[in-house]
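A quick write-up on the structure given underneath.
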Amino acid sequence: MTTLATRPGRASSALDLLVPMAVIVRWRTALWQFLLRAIARRYRASAFGLVWMMIVPLATLAIYTFVFGVVLQSRWDNPGSAEIPFSLNLFAGLLVFWIMADGLAQAMGAVVAHTNLVKRALFPLEIMPVVTIVDSAFHGLINTVILLAAVLALGGQVPPTAALFPLVMIPFLVLLVGLAWIVAALGVFFRDLGQVIGLLMTGALFMSPVFYAVDRLSPGLQTAISFNPVSLIVVQARHVLLEGRMPDWTALALYLAVAWAVMALGLAFFRRARATFADVL
């Protein structure tokens, strides 16, 4: 049995680059322990504790519903979403985006925040950036439950395709883990990285179909925003959660292939950079 006192040999390291998910499976116990700490740490000093996980998204959804549905009376200009309130389409896009923005923001300090573990050669430091993504995904799950509850509260029906939402998210989470490894390693050397990530996230938000339907854009702009890693997932999330449509399996398969490569490169980059972490920290 693998423990925190052992490190994978060369054969295991080579396997990790081909199947980077093996790192998560191997250190799943440690990942689970640090994940519970991360979730608790967010709300430890607040009066309502973990209840904030429900309060914040509920309040956000209520505000969006009032502003866009009552005040502005906005409509989602997409034939497939004709009967779906603008606020629900918006919230479905935001819950996907928030996972990326929150996860990568936390990943920047994943190593710096655990300097006591950097010099422990036997500790699997690779799991710390993974914890940030899983933590954000957990909060995304809470937001998804709130979205589906809002669908029912507004008189709609949760489509059966909503059960496919985890399959839609798998390629996205694989990509985010790879990016988190890269961001976590760079965060050790470049302390201003947060400013750069903030700008990139702002651009990613508005250059994705979070606030608007893809069909409203010209073909050229549709091609441009397709390179945004969050765009495809936002569209597919709306398909399965709100519209009752099957996801585009071909597009998701291609996305997963690219995400898998990014994950492998991210792991290789993180492990190569780790050799110098102790010198910087």
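The values are calculated or read from the model by the stated rules, or taken from the named source; none is laboratory data. No experiment lies behind these values; they were computed from the predicted model shown. All Cβ positions, glycine included, derive from the backbone under ideal geometry; neighbour counts span all protein chains shown. In case anyone asks, the SASA skips ligands and DNA or RNA and just uses the protein heavy atoms, side chains included. Shrake-Rupley method; radii C 1.70, N 1.55, O 1.52, S 1.80 Å.
Before moving on, here are some points about what is shown:
- With DNA, RNA and ligands ignored, accessible area of LEU252 (1.4 Å probe; Å², nearest 10): 10
- C-alpha long axis of helix 127-153 to longest principal axis of the chain, angle in °: 20
- Carbon + sulfur, % of accessible area of the chain - ligands and nucleic acids excluded, 1.4 Å: 69
- Per residue, the solvent-accessible area of the chain (1.4 Å probe, heavy atoms of protein chains only, all protein chains present) comes to 50 Å².
- The slack in the chain from ARG191 to LEU217, taken as 0.36 nm per residue of separation less the alpha-carbon distance, amounts to 5.6 nm.
- Computed over region 114-256: relative contact order in percent, which uses C-alpha pairs under 8 Å that are six or more apart: 34
- Computed from the Cα positions only, the extents of region 174-253 along the three principal axes stand at 44, 25, 20 Å, in decreasing order.
- Region 220-281: chymotrypsin sites (Phe, Trp or Tyr not before Pro) in DSSP coil with no more than 11 other Cβ atoms inside 10 Å: PHE227
- For the chain, the relative contact order works out to 27 percent when only alpha carbon pairs closer than 8 Å and six or more residues apart are counted.
- Estimated Rh, the chain: Kirkwood, alpha-carbon pairs, angstrom: 20.0
- Per-peptide average of other Cβ atoms within 10 Å, ordering 93-104, 30-41, 175-186, 152-163 highest first: 175-186, 93-104, 30-41, 152-163
- The chain: angle of helix 28-43 to the longest principal axis, Cα-based, in degrees nearest 10: 60
- Paramagnetic reach from LEU152 (point 7 Å along Cα→Cβ, amide N under 18 Å) across region 237-257: 241-244
- Neighbours of ILE182 by Cβ distance under 15 Å: Lys/Arg scored +1, Asp/Glu scored -1, total +2.
- Spin-label pair ARG245-VAL67: with each label point 7 Å from Cα along the Cα-Cβ axis, the two points sit 2.6 nm from one another.
- Helix-only CD estimate at 222 nm, as mean residue ellipticity for the chain, using -39500 (n - 2.57) per DSSP H run (n ≥ 4): -20500 deg cm²/dmol
- The chain: angle of helix 193-206 to the longest principal axis, Cα-based, in degrees nearest 10: 30
- Extending 7 Å from the Cα toward the beta-carbon at both PHE227 and THR276 defines two label points whose distance is 2.8 nm.
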